[in-house]
Amino acid sequence: MPAKPGKAYRSYAVSMPLNRGKAMRLRVMLRPWRLGLRRTLLLLEGGLIRGERLPRYVDAKQWEGFSQRQWDSITRQARAMMGSWIELRVIDFRSIVSHSTLDDGMKRELWRINLRHAWWEPVDDEAHRMARRIMKHLRKRHRFPNPMRCRTLSMDGKIAEIQPSAMGGTFPYWARISTLDKGRPIHAPLDIHSDLNPHLDPRDLETLANHLQIRFDEDGGMTVRLMTTQDKAEPRVQGDVVGLDWGLSSLFATSEGRLYGLRLFAWLQQRDEELLALTRDLARSNVGYRDSKRFRRLNKRIRDHVTNEVNRVLNLIADDRVMELVVEDLDFRHGGLSKRLNRIVTRAGRNAVRAKLERLHALKGITITRVNPAYTSQECLRCGWTSPGNRPDQKHFRCECCGYTCNADIVAATNIKARRSRPEDWRWIGRHTILSRLRKEHAQRCPDRSHCPSRRPEYGSPTSAKTKAKTDARVKKTTTS
């Protein structure tokens, strides 16, 4: 018999109407909860720097302030925060090593150290010293998680027991939540809106996870999410392979020649004007951005809109005929937007795409393959000539060598799909190595290169005649002066 698939977790927003007294008893738990997270994280950070592995269980039996059941939820949340930080640093470490000029033997040693999370292992050899230097650099850029900014209480069934309503009534579920008052739990109703959450059937108790997340907003509100579980889908073995390129001019372009989300950029430009006007008003009034409700609401509106668009478009792309999605790792940025809005959209879009792709893999069985995106938007589909001059602007592609024309985003998506067939080392090698290999392939496909554009000899990179003329003029001006 085949092995049973694992479990996939999802969360749904529910409303939890509370009177003022119950809401206050929940809110006063936030600061002690943060202090408990900080205590646990300091313990985990110390063990990690001493070269120890992340423990599966943190013994908090002698700690005060909470009951043992509450400490179990706090330590579990702290361990999840540290585990997320470690996984992100694994990706950063691997990227730095892969794009470095170190020899292959040293790279293999560093990859093994990174795989075991043994960056601070007490071993005095060249590889471990290099690993500690890399992690020192990464820690300057990415600090350990700061629990004092956390606004979420992640409660498991030990302290937030979800129970179906015994007598029917208005609310299908009730949550029994333990508070700081020993022996005085809160009984809170949970209202599930079937119109907003059609997949969460109140009568289906098998998919309900005994887990509750409560987030306290800066405006004084409270967001509650209910966790559910279901079996992971088996990987699809039949269907199409689709390459995806994402950006802002078109949110997604596919290797099949389709463009999605074409109206998002115009909407973002309108919000950008509102954001710039608001920031100027706040600067004149000497009001911080975090202190402005208007700024926080506009920020949230932009993030929610980008997230909804990403989910909507990926649902359209990932239909029943798709077996595999080939994607790149790039940010959502555009030169026509302000730096502040680009930062907001990049964070929201990147997180939304990552989360949605994980759900598509877990719930629909679609394989997600990531490739190196270097020069995918500059490589010609016909002759393989790679040059920034192939893209005269953001939307259009015209090869300087063979004259092939197409939409630039579709060219990038098609090249991303083609990268799927490349050797595994293509995902980690640097941009210069990829460019060198692409040039060799172009030389084989186009042996008569008399009509190909010239290259800059100092870098060996292809360039257009217009760029070369500008460079020659700048050099001439420098020598004459």
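The values are calculated or read from the model by the stated rules, or taken from the named source; none is laboratory data. None of the values given here were measured: they were computed from a predicted structure. Every residue, glycine among them, receives a Cβ derived from its backbone with ideal geometry; neighbour counts consider all protein chains shown.
Below are the figures for this structure:
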quantity	calculated
Candidate set from the range 121-164 (those that are among the basic types (Lys, Arg) and not in a helix (DSSP H, G or I)); member that is nearest to the chain's Cα centre (by Cα)	ARG143
Condition broken by ALA233, with the remaining ones in (1) buried (at least 16 other Cβ atoms within 10 Å of the Cβ); (2) in contact (Cβ under 8 Å) with a residue 24 or more places away in the chain; (3) among the small types (Gly, Ala, Ser) satisfied	(1)
Search result, residues across the range 159-181 that are surrounded by fewer than 16 Cβ atoms within 10 Å (Cβ to Cβ) and over 18 Å from ILE192 (Cβ atoms)	LEU180, ASP181
Every pair of residues 6+ apart whose Cβ atoms lie under 9 Å, when the first sits in the range 1-20 and is surrounded by 15 or more Cβ atoms within 10 Å (Cβ to Cβ) while the second is aromatic (Phe, Trp, Tyr) and modelled with pLDDT of 80 or more	VAL14/TYR173
Options GLN230, GLN213; residue that is in a strand (DSSP E or B) and at pLDDT below 85	GLN230
Evaluation of ASP272 against (1) surrounded by 14 or more Cβ atoms within 10 Å (Cβ to Cβ); (2) closer than 30 Å to GLY239 by Cα (one fails), failing number	(2)
Candidate set: the range 61-85, residues that are assigned to a helix (DSSP H, G or I) and among the aromatic types (Phe, Trp, Tyr); chosen: the one surrounded by the fewest Cβ atoms within 10 Å (Cβ to Cβ)	TRP85
Lone qualifier among ARG350, ARG398, ARG354, ARG343 - being closer than 26 Å to ARG422 by Cα, in the same structural domain as THR254 (by TED's automatic domain parsing) and free of Cβ contacts under 8 Å to residues at least 12 places away in the same chain	ARG354
Pairs with Cβ under 9 Å, 6+ apart, first in the range 272-301 and among the basic types (Lys, Arg), second part of a helix (DSSP H, G or I) and loosely packed, with under 11 Cβ neighbours inside 10 Å	ARG296/ARG290
Which listed residue, of VAL58, VAL14, VAL90, is part of a loop (DSSP other than H, G, I, E, B) and of a type outside the set (Ser, Thr, Tyr)	VAL58
